[in-house]
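Asker: Handing you this structure, nothing more for now.
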Amino acid sequence: MTQKSDMDTSPEKLDGHSLDPRAQRLAALKALVPEAFDLDGQLVRDKLLATLEPVSYEATDDIPTFGLGWPGKQQAFAAAGVPTTATLRPDRDQSVDFDTTQNLLIEGDNLEVLKTLQRSYHGKVKMIYIDPPYNTGKDFVYPDNYGEGLDTYLQRTQQKDADGFWKSTNSETSGRKHANWLSMMAPRLTLARNLLRDDGVILISIDDVEVANLRLLCEEILGAENFIEQVVWKNKYNSGALTRGFSSIHEYLLVYSKTPIEDIAAPLDDDQRAAYKHEDENVATRGKYLTQPLATRSKDDRPNLVYPLVHNGEEIWPDKQWIWAKERLQKAYDAGQVVIKETGGKHSVRVKQYLRDEAGRERLGKPLSIMTGPFNQEGNKEIESMFGGRVFSFPKPKNLVQYFAACIINNDESNSGIYMDFFAGSGTTGHAVMAQNAEDGGNRRYICVQLPEPLDEPVTLDDGVVCETIFDLTRERLKRAGRKVKQEAGLGGEASGGLDTGFRVFKLDSSNFSAWNGDPSTSEADLLERLDQLADHTVPGRSETDILWEMLLKMGLPLDLKLERFEVVGAPGSEFIGVNDRTRVVSVQPSIPTEAFEALLDPPEGGVPPAELVVLDSAFADDTARANVATLYKQRADEDGKPVCNLKVV
């Protein structure tokens, strides 16, 4: 066994906080503008502003920067940058197919949940769809107290009475109707942007009350250059006979991307599909076709697109120019895909565009800025068919979200990726993802987050399940939706054909690891109790499974991992959990024999040590054993002098 050396003999401490976006930005800014920092590495605001000043200085009017402002804006944005020590605890009993599913359903306040997910899902989410609570001028849930963070949430979840912590005043008379709502949205959108892939998109359902403010907020957080569309969605057939003035039958979908995108392709709607009405017996497998003109007058002059097409011995010239080069047009003509008609001595030259490609896949079109369906009523029917009644107000229809889940962005046809909804509500997004996977064989997976907002009255479902919160209903919707999707896909019983209709339930809670309570105490008994908790290091009542998943989360690993339990050769009784073919290894054992640490570094022939090992601080027999093991792991280095296995404690 290697003894202590002059090097640091302390294992690296695993950071128990969520990812700090402010620190990330400061590091990026320091790399770009080092002169804006002092010798201690602190940002100097005046120095930063000076680097942005133009070379010549002229007198200018003191005009405020254009943008959206409201009371509480600074605190709202600052809240997104405050790390949390919160964790997510697994709940197998409320999950479906916990060991095999890749879908996640998380109970908790979405502001704190988004923070806990920053390490594991930063830059990994393909699409976010949210339907946040609309600003009605009345009470709404999510009364954030940024100074208290997780404590506020935990307090609210224990006090569900009408006068408790669930609702905050948001009335017209408060003068803060818009400010409160914007303060709720700002930190959540900031954190959501961090989770998006570079080619990721976010879609936000909203109505007339906040659409203008929300668009300005999105421009500030996501960038005006990343605006894609403000979709007008016809959400009802009509607004009723009692309507005064205009009959409002629409809402909006704001669509933004993480970075500018090049292209979006979307499934055809019924009207677009009906346009393919011509038959072609020679290529029946490609379905019907429509025709598109091959000549154009609207584009800039391109001399190389001006040439004759020979048809039946006659040269046909375009009025201005063709849209295709000569070789491509000739190839389509020879294949019988060009339709030529003569009327009054003029020729119409068009190309056949088939409904399906050579592989039988239906072609995609461009998404439209006006959507005339599906309607909100369809969402009500879906809920009624699964629950036997209306247990949700204004649920979004599955087909609305499924349409966007089927879109292809930047030619990514992988039919996979993570789809997120942190205002999950009725569970529409999870249902839509499962349905689209069943339709095209995709491997999309969802992350749905919902606050356990108490219902006015408990709801007893047809199978006897009692739901007391919105989260309970969300969970039951996803369970029933999974069964429905399987049934509609012809996958009865346990057979799934690779279709994932399960979900892992995680619940937001305080960390499983004790932190020193520095509040003044006059009680000796209280002080001794605090010291006992620190000695044990873990919170009483938490299981090894709780501790394991917090360690994985703080390591930045995703929550859909498939784990492997194993013992190392030469150390019977020592249990480790391997991740990704044991490239990363975790142990929640309160005590690990020294020979087990040594054996991990010297696996059997053909094996390699893990790249990272994370254990509890109590896993070492004593301080000497901790120092010796840390020294061993730091000395076992590769040819570049880097440790082959990083040892961390929590």
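The values are calculated or read from the model by the stated rules, or taken from the named source; none is laboratory data. Keep in mind the model is a prediction, meaning the values are calculated, not measured. Positions of Cβ are generated from backbone atoms using ideal geometry, with glycine treated the same way; all protein chains shown enter the neighbour counts.
Conditions tested, residue by residue: (1) out of contact with any Leu (no Cβ under 8 Å at 6 or more places or on another chain); (2) among the hydrophobic types (A, V, I, L, M, F, W, C); (3) in contact (Cβ under 8 Å) with a residue 40 or more places away in the chain.
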site: 605; (1), (2), (3): yes, no, no
site: 608; (1), (2), (3): yes, yes, no
site: 611; (1), (2), (3): yes, yes, no
site: 614; (1), (2), (3): no, yes, yes
site: 619; (1), (2), (3): yes, yes, no
site: 623; (1), (2), (3): yes, no, no
site: 628; (1), (2), (3): yes, no, yes
site: 636; (1), (2), (3): no, no, no
site: 639; (1), (2), (3): yes, no, no
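Asker: Residue check: is residue 348 more than 30 Å from residue 426 (Cα to Cα) and hydroxyl-bearing (Ser, Thr, Tyr)?
Answerer: yes
Asker: Would you please name the residue that is farthest from residue 563 (Cα to Cα), looking only at residues in the range 77-110 that are touching a Leu at 6+ places or on another chain (Cβ under 9 Å) and of a type in the set (Ser, Thr, Tyr)?
Answerer: Going through the qualifying residues, I end up with 84.
Asker: I need the full set of residues from the range 3-27 which are under 30 Å from residue 635 (Cβ atoms) and either modelled with pLDDT of 70 or more or in the same structural domain as residue 628 (by TED's automatic domain parsing) (or both), in order please.
Answerer: Listed by number, the residues that qualify are 9, 10, 11, 12, 13, 14, 15, 16, 17, 27.
Asker: Residue check: is residue 309 in contact (Cβ under 8 Å) with a residue 40 or more places away in the chain, surrounded by 15 or more Cβ atoms within 10 Å (Cβ to Cβ) and more than 41 Å from the chain's Cα centre (by Cα)?
Answerer: So residue 309 passes the test.
Asker: Exactly one of (1) over 23 Å from residue 428 (Cα atoms); (2) in contact with a helix residue (DSSP H, G or I) (Cβ under 6 Å, 6 or more places away or on another chain) is unmet by residue 206. Its number?
Answerer: (1)
Asker: Any idea which residue in the range 254-276 is nearest to residue 410 (Cα to Cα), counting only those that are in a loop (DSSP other than H, G, I, E, B) and without any contact (Cβ under 8 Å) to a residue 60 or more places away in the chain?
Answerer: Going through the qualifying residues, I end up with 260.
Asker: Sort through 97, 62 and tell me the only one that's at pLDDT 90 or above and either closer than 20 Å to residue 187 by Cα or surrounded by fewer than 22 Cβ atoms within 10 Å (Cβ to Cβ) (or both).
Answerer: After ruling out the rest, the residue left standing is 97.
Asker: Would you point out which residue out of 36, 31 is modelled with pLDDT of 75 or more, buried (at least 16 other Cβ atoms within 10 Å of the Cβ) and more than 30 Å from residue 624 (Cβ to Cβ)?
Answerer: The unique qualifying residue is 36.
Asker: Could you list, in sequence order, the residues of the range 322-367 that are in a strand (DSSP E or B), of a type in the set (Gly, Ala, Ser) and within 46 Å of the chain's Cα centre (by Cα)?
Answerer: The one that is in a strand (DSSP E or B), of a type in the set (Gly, Ala, Ser) and within 46 Å of the chain's Cα centre (by Cα): 365.
Asker: With (1) farther than 26 Å from residue 431 by Cβ; (2) surrounded by 14 or more Cβ atoms within 10 Å (Cβ to Cβ); (3) without any contact (Cβ under 8 Å) to a residue 60 or more places away in the chain as the list, and residue 379 as the residue in question, which single condition is left unmet?
Answerer: Among (1) farther than 26 Å from residue 431 by Cβ; (2) surrounded by 14 or more Cβ atoms within 10 Å (Cβ to Cβ); (3) without any contact (Cβ under 8 Å) to a residue 60 or more places away in the chain, the lone unmet condition for residue 379 is (1).
Asker: Does the range 445-457 include one or more residues that are in a loop (DSSP other than H, G, I, E, B), under 18 Å from residue 268 (Cα atoms) and in the same structural domain as residue 257 (by TED's automatic domain parsing)?
Answerer: Within the range 445-457, none of the residues are in a loop (DSSP other than H, G, I, E, B), under 18 Å from residue 268 (Cα atoms) and in the same structural domain as residue 257 (by TED's automatic domain parsing).
Asker: Tally the residues that are outside any helix (DSSP H, G or I) and not hydrophobic (A, V, I, L, M, F, W, C), restricting the search to the range 368-414.
Answerer: Final tally of qualifying residues: 16.
Asker: Residue check: is residue 156 modelled with pLDDT of 75 or more and either more than 21 Å from residue 206 (Cβ to Cβ) or under 16 Å from the mean Cα position of the chain (by Cα) (or both)?
Answerer: Judged against the criteria, residue 156 is not a match.
Asker: List the pairs whose first member sits in the range 106-130 and is under 25 Å from residue 431 (Cβ atoms), whose second member is modelled with pLDDT of 95 or more and among the polar types (S, T, N, Q), and whose Cβ atoms are under 6 Å apart, counting only residues at least 6 apart or on separate chains?
Answerer: 129/429
Asker: Next question. Between 358, 342, 327, which is acidic (Asp, Glu), at pLDDT 95 or above, more than 30 Å from residue 205 (Cβ to Cβ) and loosely packed, with under 14 Cβ neighbours inside 10 Å?
Answerer: Being acidic (Asp, Glu), at pLDDT 95 or above, more than 30 Å from residue 205 (Cβ to Cβ) and loosely packed, with under 14 Cβ neighbours inside 10 Å holds for just one of 358, 342, 327, which is 327.
Residue by residue, here is whether (1) out of contact with any Asp or Glu (no Cβ under 8 Å at 6 or more places or on another chain); (2) crowded, with 23+ Cβ neighbours inside 10 Å holds:
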position	(1), (2)
396	no, yes
426	yes, yes
439	yes, no
450	no, yes
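Asker: Residues to consider are 300, 263; find the one that is over 30 Å from residue 134 (Cα atoms), in the same structural domain as residue 193 (by TED's automatic domain parsing) and loosely packed, with under 15 Cβ neighbours inside 10 Å.
Answerer: After applying the criteria, what remains is 263.
Asker: Sticking with this structure for a sec: For residue 251, work out the one condition from (1) surrounded by 14 or more Cβ atoms within 10 Å (Cβ to Cβ); (2) outside any loop (DSSP other than H, G, I, E, B); (3) over 32 Å from the mean Cα position of the chain (by Cα) it doesn't fulfil.
Answerer: (3)
Asker: Let me ask another. Of 421, 463, which residue is surrounded by 23 or more Cβ atoms within 10 Å (Cβ to Cβ) and acidic (Asp, Glu)?
Answerer: 421
Asker: Any idea which of 368, 400, 364 is of a type in the set (A, V, I, L, M, F, W, C) and buried (at least 18 other Cβ atoms within 10 Å of the Cβ)?
Answerer: 400
Asker: Residue 287 fails exactly one of the following numbered conditions: (1) over 30 Å from residue 371 (Cα atoms); (2) touching a residue at least 12 places away in the same chain (Cβ under 8 Å); (3) among the small types (Gly, Ala, Ser). What is the number of that condition?
Answerer: Unmet for residue 287, out of (1) over 30 Å from residue 371 (Cα atoms); (2) touching a residue at least 12 places away in the same chain (Cβ under 8 Å); (3) among the small types (Gly, Ala, Ser): (1).
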